[in-house]
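Okay, structure first, notes after.
Only the coordinates and a few stated rules stand behind these numbers; no lab work does. The shown structure was predicted, so the numbers you read here are calculated from the model rather than taken from an experiment. Please note: Cβ atoms are built from the backbone with ideal geometry, for glycine as well, and neighbour counts cover all protein chains shown.
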Amino acid sequence: RLVRRRITKLTNDLKTVRKQRSLYRRRRRRSGIPTVALVGYTNAGKSTLMRALSGTKTYVGDKLFATLDPLTRRVHLTKDRTILLNDTVGFIQKLPTQLVVSFRATLEELEEASLLIHVVDISHPQASTQAEIVDDTLKDLGLEERPRITVLNKIDLLTDSNGEVINSEDLAQELLSYAGQPPASICAISAETGWGLEKLRSKLASCL
């Protein structure tokens, strides 16, 4: 009963969010500022990255649907380049049937985005599987061809076989060489410590 009540509340909240975001999107179109959207599996670090890039506080929670209402923040990449950055609800596998339609409604934000940032928790043992789930969801939404940068987040949490933290610069080079994507479309960072964020800003600016 408790789970059913929780699902009903989420469904109603998502309907409200959908109406509000429709109004926000109209305002953003008038501004002429390019929109970039964060996507990724739940707990990949999207909200932490949003906070790090924008310099504003956002809710960061280690639970399902911590980010329900997609947030939008103005981010200055360079002196003459500004974007509107959206943080969307985290993707999950086997979403409850009752929430599928409403969940996807919140992702209408992605249709307005000029560029997607796919945030991957590279420290998670199921990182590859989680990334594939996000890729499949984007494909279902017809967004597989949308310009995208893949961000390998939480690089500071990776350790070697002895449990020692690996040098981020060396590890980044190794990860990028085996990622199977063009160097221009991938970036390794730690949103928590700020490592690699300047490179990400430059990459974003060059893509827009």
Item to check | Cβ-based exposure ranking for 206, 54, in which fewest neighbours within 10 Å come first | outcome: 206, 54
Checklist outcome for this item: When 128, 185 are arranged by how many other beta-carbons sit within 10 Å of their Cβ, fewest first, they go 128, 185
Checklist outcome for this item: Most packed first (mean Cβ within 10 Å per residue), the peptides 197-204, 136-143 order as 197-204, 136-143
Checklist entry - For the pair residue 108 and residue 5, what calculated FRET efficiency results from E = 1/(1 + (r/R0)^6), where r is the Cβ-Cβ distance and R0 = 22 Å, to the nearest 0.05? => result 0.25
Next on the checklist: Order these by the 10 Å Cβ neighbour count, fewest first: 46, 79, 154.
Outcome noted: 79, 154, 46
